[in-house]
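First up is the structure itself, then whatever we jot down about it.
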Amino acid sequence: MTAQAGTAASEMLRLDGVTVRFGTPGARPALDGVDLEVAPHEIVCVLGPSGSGKSTLLRAVAGLQPTDAGTVRLAGRDQTGVPPHRRGVGLMFQDHQLFPQRDVAGNVAFGLRMRRSSRTEQERTVAELLDLVGLPGAQRRAVASLSGGEQQRVALARALAPRPRLLMLDEPLGQLDRGLRERLVVELRRLFRELGTTVLAVTHDQGEAFALADRVVVMRDGRIAQSGTPLEVWQRPATAFVARFLGFDNVVEASVQAGVAATPWGKVPVPDGTPGGPCRLLVRPAGVRLTAAADGLPCTVAARTFRGTHVALLLQPADGPQIEAACPLHEAPETGARVGISFAVEDVVVLDAAAE
Amino acid sequence: MAVPLAFFAVFFAYPVAMIVGRGLNDGGQWQLGRFGTVLSDPDVLHVLWFTVWQAAASTALTLLVALPGAYVFARFDFPGKQLLRAVVAVPFVLPTVVAGSAFLALVGRGGLLDTLWGVRLDTSVWAILLAHVFFNYAVVVRTVGGLWAQLDPRQEEAARVLGAGRFAAWRTVTLPALGPAVAAAALMVFLFTFTSFGVVQILGGPTFSTLEVEIYRQTADFLDLPTAAVLTLIQFAAVLVLLVVHAWTVRRREATLRLVDASRTARRPRGRGQWALLWGTLAVIAVLLVLPLAVLVERSFAGPDGYGLTFYTTLSSAAAADSTFAVAPLDALWNSLAYGAAATAIALLIGGLAAAALTRSRPEPGPSGRTPLVTRLVRGFDGLLMLPLGVSAVTVGFGFLIALDRPPLDLRSSWWLVPLAQALVGVPFVVRTMLPVLRAVDSRLREAAAVLGASPWRVWREVDLPLVRRALLIAAGFAFAVSLGEFGATVFIARPDQPTLPVAVARLLGRAGELNYGQAMALSTLLMVVCAGALLVLERIRTDHSGEF
């Protein structure tokens with residue numbers, strides 16, 4: 001693709017080989033050659049454990065963190081040397097960072113004041129946004145008097161007020177309790193759809209990421225491990241790391257030959273077209289079927305955990321690592337029971353053999 | 001960062017270097033042999049020994065008297081505590097000249113003790129030591145007591161539950177936590193008393209002389225610049241060492257203590273021992289801190305024919321005073337206020353810029369935990385800002401006269417000379433007060449403003465300034481108070497027809513006659529009222545521990 005301003009801007013944000021190093025040279029970079037694109041109106045969620053470089057990614061895009069290599073482009077324009085206040089992006093901080101000495105309206109109007117909007121314009125926008133985030137008439141309230149959820153809404157309104165071309169959210173719902181989070185995820189998604197906002201969010205919570213995003217990007221150690229729609233990532237984790245991070249523990253070394261894999265758990269069927277040779281397999285707990293003890297792989301039930309909709313069983317085969325299985329409530333065997341298992345091919349995923 | 005550096009280079013380093021150069025450089029030849037000559041002079045050695053000795057003794061005495069006070073202020077709740085805390089701090093911002101005259105009125109010839117029991121201490125070292133305790137009591141109570149109040153009492157309770165006795169718990173838990181604060185306070189006291197000028201000048205008589213006083217004598221009385229230069233360098237080196245040690249202890253103090261809200265740790269005293277401690281502290285404060293000031297005020301009203309306003313009314317006319325006094329003593333008050341206001345403005349500008357630069361240029365430590373070189377350099381500058389507190393003010397004053405007398409910087413006849421010198425002493429207080437508050441501002445708050453479109457200058461105005469407004473007021477008050485009281489440098493550079501209050505007091509004290517003495521007391525009282533007023537206003541503003549002073 002050529003770098004002409006008009007044609008190159010098919011994406012809102014584009015990162016090419018962005019690298020950020022902290023501390024001594026030679027230490028592992030916080031961001032290691034990250035390539036990422038975000039299309040206009042797209043909601044992208046970066047998912048990763050703490051220390052994977054997610055927050056650094058946002059800070060680099062906002063211009064708060066100088067990069068050591070690579071380029072950040074916004075709407076096709078290279079942002080090298082552009083200070084944060086001229087980038088026209090919005091950033092919602094993890095703990096909101098509302099200005100304590102200003103009231104709600106003062107916080108929301110801050111970005112508008114910096115852009116020298118007229119006073120009437122400011123008042124109108126503030127009122128609109130407070131309606132939008134569900135806090136109508138809260139203009140004069142002190143920031144300290146707000147609950148966590150309300151602060152979060154004000155922070156969102158403040159970030160949206162200057163109409164940023166890219167809105168970035170750092171752990172947007174991290175500090176809220178569970179019920180509120182689930183409600184807010186739905187609200188946020190509806191809001192961003194309505195406004196047509198381009199969003200780049202980071203979180204360590206997979207539920208939040210899957211609920212919010214059009215596309216999920218999994219990060220690990222400053223690199224992108226996988227990128228795809230929530231369904232793709234959930235169904236086809238690319239590596240053992242992504243699988244484990246999503247909470248799947250049934251990962252084993254395997255050797256594929258003619259549609260069947262040899263594993264420590266015995267023979268496991270693999271999808272058609274799987275190339276032969278060594279690889280790693282993921283068997284989702286739903287794909288572990290209980291049979292009579294005589295059939296299939298004999299196991300002992302080592303533990304059972306009630307999960308509401310189902311029971312999670314931890315099974316210990318005679319040989320090899322433990323296996324997690326999901327089992328309907330009424331069929332769940334007791335701890336210590338002896339069962340047999342077989343594997344359903346539709347829940348078997350071949351992971352990238354090369355990557356860890 | 002550039003402006004404060006330039007300010008210190010031009011108005012501090014340059015004059016001091018000039019005067020040292022003039023003293024030691026004779027026709028292009030460096031006369032380093034002067035060191036040997038001066039240092040083998042028994043009189044100089046005596047001064048050196050006395051300087052160190054009295055500073056050590058003053059520090060020990062201050063700690064002995066003030067540490068129980070720190071405990072009382074930290075752990076006990078009693079009526080009038082806030083007011084008493086302010087009262088205790090008054091002496092610290094008082095001009096040394098006032099303290100000198102106050103102790104003169106208490107223990108000097110014809111003083112209170114002399115009249116009552118015929119006891120005179122003004123020719124003994126005790127007067128100096130007591131005056132130093134008077135001054136520095138607040139330093140210990142503030143630095144140590146401030147931390148003590150924030151130590152979690154539950155730490156001691158945990159030790160008690162684990163089987164430690166009351167004293168063992170204090171010794172093994174509280175004392176180690178307080179150690180660095182005590183060391184820092186002791187160093188500050190040592191620094192202040194080591195460079196003591198006004199107090200020793202007034203109370204020491206011909207017998208006792210510190211380095212600073214000796215520098216003044218050599219410069220002003222004997223015009224022996226080489227000796228003065230050597231003494232200046234010696235004092236400079238000693239102060240530098242003290243500051244390095246101080247910076248080190250302060251850093252250790254910042255280390256790893258878990259602090260709690262001070263208002264939750266104090267309670268009413270219980271049992272006979274605690275009440276005795278409280279009353280003992282109150283008695284010490286009454287005798288050592290309040291009594292000298294009270295006597296000063298009393299003397300200022302005690303005219304030749306009973307109590308009256310004689311000394312005050314005569315202040316406003318030049319004729320009533322000694323004929324060599326070109327202006328009415330009261331004019332000194334207006335001079336002082338104008339100089340003080342200008343000095344405060346300069347100190348706020350320079351100190352504010354320095355504090356902002358010091359806050360900004362602190363990069364986050366890398367994951368490796370090593371401190372980058374830049375950070376260490378900045379910390380060094382942090383410490384250097386304290387230097388004017390310790391370097392001979394006399395040298396600075398005289399250096400101003402010598403260094404700033406030719407274009408483009410011909411300020412010798414400029415009105416601004418005095419405020420510039422006074423601002424030099426005010427800046428460290430401004431930086432010390434502002435820095436902790438600025439550092440406490442979450443840097444992400446600034447980032448939030450930047451992302452919302454605020455330029456760096458806008459960020460400072462919109463985020464930092466509103467949060468530090470109170471600290472700024474407090475810093476302004478301190479700068480004003482120390483500017484008012486500055487004596488060592490001002491005595492050199494103030495024009496004879498425009499004396500400041502401390503200079504006028506010193507002049508009056510230097511003359512014989514009851515009227516002069518009474519007027520000195522009256523002027524001192526005025527000065528005290530202005531300084532104490534400034535401080536009491538500050539105490540109302542201050543609700544948190546926003547600085548070290």
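Tabulated results
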| item | result |
| --- | --- |
| Förster radius 60 Å - calculated FRET efficiency between B:Trp53 and B:Trp416, Cβ distance, rounded to 0.05 | 0.95 |
| Other protein chain Cβ atoms within 10 Å, averaged over every residue that makes up A:82-88 | 5 |
| A:Arg163-A:Arg236 FRET efficiency (beta carbon distance; Förster radius 35 Å; 0.05 resolution) | 0.45 |
| Cα lying deepest toward the dipole's positive end in the range A:5-237, options A:Gly207, A:Pro230, A:Leu169, charges on Cβ | A:Leu169 |
| Selected from A:Ala254, A:Ala294, A:Ala213 as most flexible by GNM, with chain A as the system and alpha-carbon contacts under 10 Å | A:Ala294 |
| Amide N proximity, the range A:139-163 versus A:Glu128 label position 7 Å along Cα-to-Cβ, cut-off under 11 Å | A:161-163 |
| Two-site FRET efficiency, A:Thr71 against A:Glu253, from Cβ-Cβ distance with R₀ of 45 Å, rounded to 0.05 | 0.70 |
| Peptides ranked, highest mean first, by Cβ atoms within 10 Å: ranges B:194-206, B:218-230 | B:194-206, B:218-230 |
| Percentage relative contact order, chain A, counting C-alpha pairs under 8 Å, at least six apart | 16 percent |
| Shielding of A:63-71 by partner chains, average beta-carbon count, 10 Å | 1 |
| Length-normalised contact order of the range A:242-351 in % [C-alpha pairs under 8 Å, at least 6 apart] | 31 percent |
| Furthest towards positive pole of dipole, A:Cys279, A:Phe192, A:Ala243, structure part chain A, Cβ charges | A:Phe192 |
| Extended-chain gain in nm, criterion 0.36 nm per residue less alpha-carbon gap, A:Arg289 and A:Arg244 | 14.1 nm |
| Computed magnitude of the charge dipole of the range A:5-237 (debye, nearest 20; Cβ of K, R +1, Cβ of D, E -1) | 620 debye |
| Gain upon complete extension [B:Ala283, B:Leu465; 0.36 nm per residue less C-alpha separation] | 61.3 nm |
| Neighbouring partner chain Cβ atoms per residue of B:457-469, average, 10 Å criterion | 2 |
| Estimated distance in nm for a label pair at B:Asp442 and B:Asp497, the labels positioned 7 Å out from Cα along Cα-to-Cβ | 5.9 nm |
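No value in this document is a laboratory result; all are computed from the given coordinates. Everything numeric here is computed off the predicted structure, so don't read it as measured data. Heads up, the Cβs are rebuilt from the backbone with ideal geometry, glycines too, and the neighbour counts pull from every protein chain shown.
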